[in-house]
Amino acid sequence: MASIAVSDSKIMLTLPGDAVRQIQWRFADRFDLQMLVQSARGVARGTVARLVASGERNTHEWTPGKASMMEAFDRAGVTAAFMEPEEGGFIIGPKNLALSLAAFELAWVDGGAATASLASFLALSPIHERGTPEQVNRYKTLAAPPQPGEDRIPWRGAFALTEPLPYVGVDASMLSGKVRVAEWKEGEEPILHVDKRGRFITNIAFANFVTAAVISDDPRIKGSCFVIMEETDEGIFDHGTPTKKLVHQLSSTGDPIFNLKIPASRIIGGYTIKDGVIVPNYNHGEIIDAVFRRTRVPVGIMSAAKLLSAVEPVIRYQRGRFRGAEGTKPGSVRYEQGIQQREDALHRLVDVWATGEAATSLGFATARLFDELDPIEKQKNAILKERGINGGRAELKALRESEQRAIELLSLKVDSPRRRELEADPLVQFVLKDAEANVLCPATKLWNTGHGANMLREAVSLMGGYGITEDCPGFLGNKWMDAQLEATYEGPEAVQRRQLTVTMTSEVFLAQFRAWTAEMRRIASSRPGTGACTLASAMQMWQWTLNHLQNATDPTGGKLYHGQRQGVTFALADALCWLVASRAQILDVLELEAKGPDDPVASEGLEGAVQFLSDLCHTQAAAAAGEVSRICAELVFGYNCHPSWDEEEHRNCFLASELEELEETMSGISAMAFDVLAADGTHPQKAGPCAGCAGSADFLRLQARLTACLTGSRLAKDRAAETVSKVMIPEALDYPA
Ligand SMILES: Cc1cc2nc3c(=O)[nH]c(=O)nc-3n(C[C@H](O)[C@H](O)[C@H](O)COP(=O)(O)OP(=O)(O)OC[C@H]3O[C@@H](n4cnc5c(N)ncnc54)[C@H](O)[C@@H]3O)c2cc1C
């Protein structure tokens, strides 16, 4: 077995450190982000960890302890991470990666702490994305932490979309929150009356302002919009009672009531007046789309951080499990290795770790993509504005040509001059990145939080009874339960799946996906140990299945790939998430391998880290392939009626007497025949003659190939397990239990 074990020079000796992560997650050259990580980590492992350890999660009330956490965010620069330098911030340019890194560090210790910090940004996001310059300036400046020497308490915000049942949920187009004209004096700004009840609103206990979705209840206001309400506005600004949450107890959540008057200038993004009617420049749906497509990414990152944070406590628990027992002497295998003597314990931890790597890679890749997309989107808006196009159908039409150019680009060779021409076209760049972001954002939110929650249960189970106690190091029980909220808020899984079912069928995305499949094959030819080939085969199967289902019907002639048929579309969306996560993980390891040697810290022990992380990639790619194969097979075959043994359907079966005859000329044919009827009509004990379906031969060929592509994946898992059993960890966790 020596040839497949990890050689000593290649074994990873310590857990991947900051230098490795900075390369993998692409912020090795961003000193500002490295500083943010360090300060967020300080708050997380200091203030936040102490709050959790001292039982602050045991109350629903907003306490001075929890409030001190918000102040710690201010002092550490976490609050300012959202702001532009002129608004009191310190990061120049897009901030998606920055906010995701801060969320990662906070969630490493407690999801509620991360949410408390993100909720302030969520409240500002409608203003940041679509607000007028005056609105942006006012609220971001007020919410920025005080500068040294400034005596000011920063404003906190809350975002209120959700309403008491039966309103806003998955179908966010239905609102009961209303806006009416209260006063409108000739030549003056109209005064609006807002009547909104919120449900489950984060940050509400202490919010000074709220951004809320409302719909018109007045013929003088058109459609819906988002408005900003301030605590001191005339009327009722009732923070409401705290929600009795089972999760994220370090953040504040409650059901507020608003009934107040605001000037029309608080409509986010402004308005125009047409024929005596106030027409908001953005309806609430447009604002939600712009906000959530960015803010859902750090939520996915939170669950990913928790998975990776589980590794060290589990290793420590497993190793120390039998220490102190009579007869377990220091130096004995039982003393040193504890439960890690057992393969299953190691393999399960490898699965948790591999999922954490894939989820983190996917999340940060998506965050970086939005950093790239933000300036290109602005450029696109400027170009279209010059052409007199301001959103809506006209924009979709204008971009259609760019989409065709993008698809053409993806089909060209790397050295093609035409490729360079198309690459230089900002509209082509926009449609490419937009199509990718439209898939990767919901995929991050859905897979990281949904599958992540399942895997956090695995992590908890590895700690035995300890896992479900308050004393569990790393607060794993909390993290597991909290993950369910991450899967729910900002739109539960159905919302993400629904979005994916639309965006994953875009022609541009599918062309990109084909290019990604080819890219994985190329990677596999030089880095077979990453599982890239396994992944490419699974990607091919997914694309074949999507194409098949888009044309296939059920026995009654009903279309299979159809918005109402969530059994088909949602399952395919789930399958896709596994693929994109695995791809991101592989790309990050290649980045480490390429850039690591130039980094004085990461280069130390690099070979071992790359080997181990590649083995995790291979393990994860095999898991993804298995999941995709299962889902696709069920969808391809599952919507056909099984043939039965009746006259009509068994006519393709062999009769025993026929087989005897055929055997004389085709020796061995009997061994191939499954469905043989005896002379008296009796048949084998099974559901009916074996089923086939249109295209099944193609599918089965892909499936056979995929199965063979799993070759080596368990060897990779064995190697990873060996490393997990040997890797050094610090004596104690660096935050309290
Ligand atoms: C602690 C906490 C904090 C929150 N913070 C905020 C906040 O700050 N601001 C805010 O506005 N909201 C907030 N929310 C609300 C949160 O965003 C919603 O609870 C969430 O979007 C889910 O909506 P819902 O509760 O109405 O679930 P439902 O819509 O009732 O969903 C229930 C289940 O049915 C499924 N389902 C629903 N519709 C469909 C469909 N069409 N197809 C298939 N399946 C479907 C869902 O996937 C889910 O599994 C918070 C919630 C919590 C618990």
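Structural remarks
- Residue 303 meets the stated requirement of being among the polar types (S, T, N, Q) and out of contact with any Lys or Arg (no Cβ under 8 Å at 6 or more places or on another chain).
- Single condition residue 574 does not satisfy, out of (1) assigned to a helix (DSSP H, G or I); (2) buried (at least 23 other Cβ atoms within 10 Å of the Cβ): (2)
- Scan of the stretch 550-571 for residues that are of a type outside the set (S, T, N, Q) and part of a helix (DSSP H, G or I), ordered by number: 567, 568, 570, 571
- Residue count for the stretch 32-75, restricted to those that are out of contact with any helix residue (DSSP H, G or I) (no Cβ under 7 Å at 6 or more places or on another chain) and β-branched (Val, Ile, Thr): 1
- Residue in the stretch 502-511 that is of a type outside the set (Ser, Thr, Tyr), surrounded by fewer than 22 Cβ atoms within 10 Å (Cβ to Cβ) and within 14 Å of the ligand (Cβ to nearest atom) present: yes
- Remark: pairs (first residue in the stretch 607-630, more than 14 Å from residue 711 (Cβ to Cβ); second residue of a type in the set (Phe, Trp, Tyr); Cβ separation under 9 Å; 6+ apart in sequence or on different chains) = 616/353; 620/578; 623/578; 624/578; 627/578; 628/542; 628/578.
- Every residue from the stretch 243-289 that is within 15 Å of the ligand (Cβ to nearest atom) and farther than 16 Å from residue 119 by Cβ: 244, 246, 257, 258, 268, 284, 285, 287, 289
- All of 215, 127 fail the test of being within 16 Å of the ligand (Cβ to nearest atom), touching a residue at least 60 places away in the same chain (Cβ under 8 Å), buried (at least 18 other Cβ atoms within 10 Å of the Cβ) and over 26 Å from the mean Cα position of the chain (by Cα), apart from 215.
- Every test in (1) more than 23 Å from residue 52 (Cα to Cα); (2) free of Cβ contacts under 8 Å to residues at least 24 places away in the same chain; (3) buried (at least 18 other Cβ atoms within 10 Å of the Cβ) is passed by residue 532 save one, and that test is (2).
- Any hit, the stretch 191-199, residues being within 21 Å of residue 67 (Cα to Cα), in contact with a strand residue (DSSP E or B) (Cβ under 9 Å, 6 or more places away or on another chain) and assigned to a loop (DSSP other than H, G, I, E, B): no
- Only one entry of 479, 559 meets the criterion of being among the basic types (Lys, Arg), at pLDDT 95 or above and crowded, with 19+ Cβ neighbours inside 10 Å, and that entry is 479.
- The helices (runs of 4 or more DSSP H) found wholly in the stretch 248-355 and carrying at least 3 residues that are closer than 24 Å to residue 195 by Cβ and touching a residue at least 40 places away in the same chain (Cβ under 8 Å) occupy 284-309.
- Selected residue (criterion: nearest to the ligand (Cβ to nearest atom)) from residues of the stretch 483-499 that are of a type in the set (D, E, K, R) and closer than 18 Å to residue 576 by Cβ: 493
- Note on the stretch 176-190: among residues that are within 22 Å of residue 254 (Cβ to Cβ) and assigned to a loop (DSSP other than H, G, I, E, B), the one that is nearest to the ligand (Cβ to nearest atom) is 177.
- Hits in the stretch 444-476 (condition: surrounded by fewer than 24 Cβ atoms within 10 Å (Cβ to Cβ), of a type in the set (Gly, Ala, Ser) and under 21 Å from the mean Cα position of the chain (by Cα)): 450, 453
- Of all residues in the stretch 138-168 being within 10 Å of the ligand (Cβ to nearest atom) and among the aliphatic types (A, V, I, L, M), the one that is surrounded by the fewest Cβ atoms within 10 Å (Cβ to Cβ): 165
Residues checked against (1) at pLDDT below 95; (2) of a type outside the set (D, E, K, R):
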site: 341; (1), (2): no, yes
site: 345; (1), (2): no, yes
site: 358; (1), (2): no, yes
site: 375; (1), (2): no, yes
site: 389; (1), (2): yes, yes
site: 431; (1), (2): no, yes
site: 434; (1), (2): no, no
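- Filter result for residue 12 (part of a loop (DSSP other than H, G, I, E, B) and at pLDDT 95 or above): yes
- The sole residue among 454, 478 that is without any contact (Cβ under 8 Å) to a residue 12 or more places away in the chain, within 15 Å of the ligand (Cβ to nearest atom) and out of contact with any His (no Cβ under 8 Å at 6 or more places or on another chain) is 454.
- So residue 194, is it among the aliphatic types (A, V, I, L, M) and in contact with a Phe, Trp or Tyr (Cβ under 7 Å, 6 or more places away or on another chain): yes
The values are calculated or read from the model by the stated rules, or taken from the named source; none is laboratory data. The shown structure was predicted, so the numbers you read here are calculated from the model rather than taken from an experiment. With ideal geometry, Cβ positions are generated from the backbone for all residues, glycine too; neighbour counts draw on all protein chains shown.
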